[in-house]
Structures are given as C-alpha cells and as structure tokens.
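So the structure is just underneath, and the comments pick up after that.
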Amino acid sequence: MNHYDIIIIGGGIAGASLAYELSPQKNILILEQEFSPGYHATGRSAAFWSQTYGGPYIEPLTSASSTFLRNPPMEFHHEGFLGHRGVINIAHKNQKSLVDNMLDQFANNDVALENVSQDFVWQRVPDVKIDWSYAVWEPDCCDIDATALHNAYLKAAKKNGVKLLCSAQYQGATRKSETWYVTTNKGEFSGDIIINAAGAWADDVAVKSNVEPIGITPYRRTVIECQIKQDIPETMPLIVALDGSFYFKALPHNHIWLSPHDETKSEACDAVAEEIDIAIAIDRLQNVVGWDIVKILKKWAGLRSFSQDRLPVIGFDKKTDNYFWFVGQGGFGIQTAPATAKIASHMILQNILPIEFNNIALERYKADRF
C-alpha cells in the first residue's frame, strides 16, 4: 500500500492550489473522481476577479490573491492570469437603496468604488434602457484565465512530486493508529492527513470517512453564451445587477456570457442547464438592453458550494484528528485560490504567512466554527 503524508480528495482549483503550496514539504496524492481535474465547478466558472464579489468578508481573500494572480513567480507561470475589464454594478430606477447599501457595505474595505451617473453607463453599455439609471463602478475588476491558473497549479505541483490519480472514485476511509486508510476503485492508499477538497461532494466524502458533515450545500448556477445582432465592444465592462438577478460580459464577435444569477439547491451531480433558467436569463437581459439574440451557442451549469455562513471552511475538523476541511468556496474559489491555499498551508505546516495576510481574520474561516 502506497503511503503519503497527505491525501487530497478533489483535483479542482481548491485541491490543486493547496497541493502546490504543500508540495515542497510533503509527499502528496490527489484523488480526482472524474477523468480530468476541474471538470465541475472549476471548469465552468464565468471567471472574473472582483473585490466585491462574495461580500466584505471575502474581499480580504480576493485582495490578498491579487499579487500572485497579477505577477506569479516566473517558475510558476510566464505571465499573469488577470486581464482588466471593470464592472458596472447596476440598479433599476426603483432600486437606489441598493447603490447606497453596496457603498456602505464596503466602506471599511480597501476597494475602489464610485457612484456613477447614467451617462457613465450609457457611454460603456450600448443600448442600455433608461430605467437602469443607478450604478456603482468598480474599476479594478478583471477577467481571470481560470484554465491557465488551474493548469499551472497542477503542473507546478506535479513538478514538486505530487501524484494525481484521475477516475478514482472515493469509497471510504478509516483511521487506525494515527494513519488514514483510503479505499478507491483504483486501489487502497494510506496517509497521515486527509484533506477534503471535494466541493459539492464534501459532505458525502466526510460521511464515507466516518466524519460528521459540516453542512456544505451545492447550488446550481446557469450560464449561456449568446451571439447578438448588435455590435458591442468586447472590452465592455462586466455588468452585474445589484439585486442579484443577472450578470453578463462581452466576448469577441458580439458574443456574450449571460447568467440569471440563479441559486437552485441541488444534489452533488453533473449539473445541466435547465430551459427555464435559460429563458429567465434571456428575459432579464432584454429588460436591461435592447439587444437581439441571434442564437444560443452554448449552455451549461455548475455547482457552487457554500457553507452555512457562506464563507470558506479552512482547517482541521474539531472532532476527528488529521482531517482537514478545504471547502465552501462558493463562486469565489478561483479568485481567492492563492490566498486560501496559503492560509490552509499555514494551518497545516505552521509556516509564516506573507505580510499582506496580517489583517485577515483567519478565525472567521476556520472549520471548528461549526
């Protein structure tokens, strides 16, 4: 039986980023249930970096990830993963309070936000309707090359000796004499520490490990790619409804990514876009802009997994020795990956965090809060 210092369950952005951070000091195995890592949430992200996304308690993790995402070590990747876009957080004429609420919510966070005029929106969003008259401009929002980031983590981890085993169905684990014994369809393995980075399957994996679940709930999010008749600049800002009813961003060739910002509770599964959610997304778009949809090019759905308080869960289980939770990363897992992986590595290895982490309240994210 092959023995490892650490066995990570899940090869998405969570498992890959943490494997990379731990790999200089630990012998690691990643068990991935799919034929390729990142098949579920990581590979289906709309992929943007916004300091306001997820709320003021997620912002410190997003901001602390900025340096790595903009200027990663040369040996990790030859260029940064962010491309500037900006985001207009928009509200209907009857929703001015949402603008005030957003500005108040982030008043104590180091985020560049500006209450802007309707003219500001008209100059940047072709054919926006007059009823959408209030907005908050967040200039620092960026696109993330999520695929490149995930692949870079996997490549760097492999270079440091991490073994990735795909199509490995997790069947269970038992703990004997301070060692974990893990059973999969690809064989049995032993390890000193298990890290649960299984996303939507986190609680299922815990049950199979005889560990009490902590309440990770998956929610379905729908995205479609459309071609529209009108000409729009591909550099148009990301547009996000302040009431949480939609977001869309421009792509080349008059294509857009559009989501109804849905959150439908789901079982852990290979999520599929539902026709009703697609129809809702199109209806909401056409209430905001006068664009004609030529055709729908793609449609997909992913599962965003949240803890009970909608914050990441990072840390050792309070009842089971050497069982580490790294889950509940919602829709912000990619934009916060560098920071959360460093925090998790710090908790496991007791290493020193970079100075930009000094003002992050780590207790807020620890697993023993449940």
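The values are calculated or read from the model by the stated rules, or taken from the named source; none is laboratory data. It should be emphasised that the depicted structure is a prediction, and the values quoted were computed from it without experimental measurement. Here the Cβ positions follow ideal geometry from the backbone for every residue, glycine too, while neighbour counts run over all protein chains shown. Accessible surface is based on the protein model in full, side chains and every heavy atom, while ligands, DNA and RNA are left aside. Shrake-Rupley method; radii C 1.70, N 1.55, O 1.52, S 1.80 Å.
Return a yes/no flag: does region 95-110 have any residue that is farther than 20 Å from Trp137 by Cβ and not aliphatic (A, V, I, L, M).
no
Of the conditions (1) over 17 Å from Ala14 (Cα atoms); (2) of a type outside the set (A, V, I, L, M); (3) touching a strand residue (DSSP E or B) at 6+ places or on another chain (Cβ under 8 Å), Pro73 clears all except one; give me its number.
In the conditions (1) over 17 Å from Ala14 (Cα atoms); (2) of a type outside the set (A, V, I, L, M); (3) touching a strand residue (DSSP E or B) at 6+ places or on another chain (Cβ under 8 Å), Pro73 misses (3) alone.
Taking the condition aliphatic (A, V, I, L, M), free of Cβ contacts under 8 Å to residues at least 40 places away in the same chain and in contact with a helix residue (DSSP H, G or I) (Cβ under 7 Å, 6 or more places away or on another chain), does Leu251 pass?
no
Exactly one condition in (1) in contact with a strand residue (DSSP E or B) (Cβ under 7 Å, 6 or more places away or on another chain); (2) at positive phi is false for Gly244; which is it?
Tallying (1) in contact with a strand residue (DSSP E or B) (Cβ under 7 Å, 6 or more places away or on another chain); (2) at positive phi, Gly244 fails exactly one: (1).
If I ask for residues that are crowded, with 24+ Cβ neighbours inside 10 Å and touching an Asp or Glu at 6+ places or on another chain (Cβ under 9 Å), which ones from region 306-327 would you list?
Trp325, Val327
Answer yes or no: is there a residue in region 106-118 that is modelled with pLDDT of 95 or more, assigned to a strand (DSSP E or B) and not acidic (Asp, Glu).
yes
Out of everything in region 282-303 that is open to solvent by 30 Å² or more (accessible area, probe 1.4 Å) and assigned to a loop (DSSP other than H, G, I, E, B), what residue ends up being nearest to Gln227 (Cα to Cα)?
Result: Asp292.
Considering (1) open to solvent by 20 Å² or more (accessible area, probe 1.4 Å); (2) in a helix (DSSP H, G or I); (3) under 30 Å from Arg175 (Cα atoms); (4) of a type outside the set (Val, Ile, Thr), say which one Ala279 fails and leave the rest.
(3)
Give me a count of the residues in region 350-370 that are in a helix (DSSP H, G or I), of a type in the set (A, V, I, L, M) and under 24 Å from Ser307 (Cα atoms).
Here the count works out to 2.
Can you pull out every residue in region 27-43 that is at pLDDT 95 or above and either within 14 Å of the chain's Cα centre (by Cα) or not in a loop (DSSP other than H, G, I, E, B) (or both)?
Scanning region 27-43 gives Ile28, Leu29, Ile30, Leu31.
Does region 92-99 contain at least one residue that is modelled with pLDDT of 95 or more, over 16 Å from the mean Cα position of the chain (by Cα) and hydrophobic (A, V, I, L, M, F, W, C)?
Within region 92-99, one or more residues are modelled with pLDDT of 95 or more, over 16 Å from the mean Cα position of the chain (by Cα) and hydrophobic (A, V, I, L, M, F, W, C).
Hey, any hits in region 256-270 for a residue that's over 19 Å from the mean Cα position of the chain (by Cα) and over 24 Å from Lys93 (Cβ atoms)?
Within region 256-270, none of the residues are over 19 Å from the mean Cα position of the chain (by Cα) and over 24 Å from Lys93 (Cβ atoms).
Of all the residues that make up region 44-62, how many are open to solvent by 20 Å² or more (accessible area, probe 1.4 Å), assigned to a loop (DSSP other than H, G, I, E, B) and farther than 15 Å from Gly86 by Cβ?
Selection size over region 44-62: 4.
Output yes when any residue across region 18-26 is closer than 30 Å to Gly83 by Cβ, part of a loop (DSSP other than H, G, I, E, B) and open to solvent by 40 Å² or more (accessible area, probe 1.4 Å), and no when none is.
Taking every residue of region 18-26 in turn, at least one turns out to be closer than 30 Å to Gly83 by Cβ, part of a loop (DSSP other than H, G, I, E, B) and open to solvent by 40 Å² or more (accessible area, probe 1.4 Å).
Got at least one residue in region 91-111 being touching a residue at least 40 places away in the same chain (Cβ under 8 Å), of a type in the set (Val, Ile, Thr) and under 30 Å from Gly38 (Cβ atoms)?
yes
Where in region 186-246 are there strands (runs of 3 or more DSSP E), lying wholly inside it, with at least 3 residues that are farther than 20 Å from Leu311 by Cβ and open to solvent by 10 Å² or more (accessible area, probe 1.4 Å)?
187-196, 217-228
Is it true that Gly315 is assigned to a loop (DSSP other than H, G, I, E, B) and on the phi > 0 side of the Ramachandran plot?
no
For region 116-124, state whether one or more residues are closer than 22 Å to Ile30 by Cβ and loosely packed, with under 14 Cβ neighbours inside 10 Å.
Checking region 116-124: not a single residue is closer than 22 Å to Ile30 by Cβ and loosely packed, with under 14 Cβ neighbours inside 10 Å.
Look through region 317-370, keep the residues that are in contact with a Leu (Cβ under 7 Å, 6 or more places away or on another chain) and of a type in the set (Lys, Arg), and return whichever of them is nearest to Asn109 (Cα to Cα).
Selected residue: Arg364.
Out of the residues in region 156-172 that are without any contact (Cβ under 8 Å) to a residue 60 or more places away in the chain and more than 23 Å from the chain's Cα centre (by Cα), state the one that is most open to solvent (accessible area, probe 1.4 Å).
If we take residues in region 156-172 being without any contact (Cβ under 8 Å) to a residue 60 or more places away in the chain and more than 23 Å from the chain's Cα centre (by Cα), then Lys159 is most open to solvent (accessible area, probe 1.4 Å).
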